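Student: Shown below is the structure under consideration.
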Amino acid sequence: MSRITWSDYVVGLPGPHGPSCCIIRHNTFVPINISASPTEDAADIRLRRHMLCTAIGVAALANVLIPALLFSVTQFFGPTDPRYRALVAGVVVTEYAIAFLLILLHANVGFAAGYTAATAAAVTVGSAVLAYVTLGPARWSSSGLFGEVLVAGGFTFAVLSNSAFLVASIRYGRAIHPRLHLGGFSLGIAAYVALIIVYMHFFR
């Protein structure tokens, strides 16, 4: 706290015609930490939104390569029908497209952030489990080295891109709301479960 001195005030003394002036404080305190938080927050949200959209696009590309390309490696997946692979790839693209469109159409709504975070968490866990189930019991040999490297690299790319998608979705959700929207988060989990049910129904 600043110290008040006599020079901070001008006190009028009585004169022939009465008091000449009143007490005037000539020091005015102006806040020095004027924040441009609305502008900074808007710029931060735009940046995180851009990063999230980029992460969704990269993750979608990485994960659609699994049914489109990796399923052709018979050493790990056996013989697969091209129509089956195309259908799985369509389901994967749809899953990421829903989250991408929600972010574009409802850029500052916690619902979209919660839905996207739930989708990111689900696909991250799903890709990691699929990689473990596929690569764990596989028999590695030098004769199929190209296929092994292709599948291992593809799954690594998918898991890492999904993890980046998850981190970006959480950062975006924290930027627009202190806590993720519970309804959107729950709906994201429900939508992912519904997609799994549809997947199991069509591909059993």
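Student: Only one of Ala59, Ala97 is at pLDDT 85 or above, within 22 Å of Ala164 (Cβ to Cβ) and touching a helix residue (DSSP H, G or I) at 6+ places or on another chain (Cβ under 7 Å); which? Spell out the reasoning first.
Tutor: Values: Ala97 fails: touching a helix residue (DSSP H, G or I) at 6+ places or on another chain (Cβ under 7 Å).
Of Ala59, Ala97, the one residue that is at pLDDT 85 or above, within 22 Å of Ala164 (Cβ to Cβ) and touching a helix residue (DSSP H, G or I) at 6+ places or on another chain (Cβ under 7 Å) is Ala59.
Student: Right, another one. State yes or no: is Leu52 over 16 Å from Ser169 (Cβ atoms) and in contact (Cβ under 8 Å) with a residue 60 or more places away in the chain?
Tutor: Considered against the rule, which asks whether it is over 16 Å from Ser169 (Cβ atoms) and in contact (Cβ under 8 Å) with a residue 60 or more places away in the chain, Leu52 comes out as no.
Student: Further question: Among Ser35, Ser20, which is the only one that is more than 24 Å from the chain's Cα centre (by Cα), under 30 Å from Arg174 (Cβ atoms) and either small (Gly, Ala, Ser) or at pLDDT 85 or above (or both)?
Tutor: So the residue among Ser35, Ser20 that is more than 24 Å from the chain's Cα centre (by Cα), under 30 Å from Arg174 (Cβ atoms) and either small (Gly, Ala, Ser) or at pLDDT 85 or above (or both) is Ser35.
Student: Exactly one of (1) assigned to a helix (DSSP H, G or I); (2) modelled with pLDDT under 90 is unmet by Leu166. Its number?
Tutor: Among (1) assigned to a helix (DSSP H, G or I); (2) modelled with pLDDT under 90, Leu166 violates only (2).
Student: Next question. In this structure, is Thr124 at pLDDT 90 or above and either on the phi > 0 side of the Ramachandran plot or polar (S, T, N, Q) (or both)?
Tutor: Yes: the conditions hold for Thr124.
Student: Picking from Pro178, Pro137, which residue would you name as being at pLDDT below 90, closer than 18 Å to Phe71 by Cβ and out of contact with any Asp or Glu (no Cβ under 8 Å at 6 or more places or on another chain)?
Tutor: None of the others qualify; the one that does is Pro137.
The values are calculated or read from the model by the stated rules, or taken from the named source; none is laboratory data. Not measured: the values here are computed from a predicted model. Positions of Cβ are generated from backbone atoms using ideal geometry, with glycine treated the same way; all protein chains shown enter the neighbour counts.
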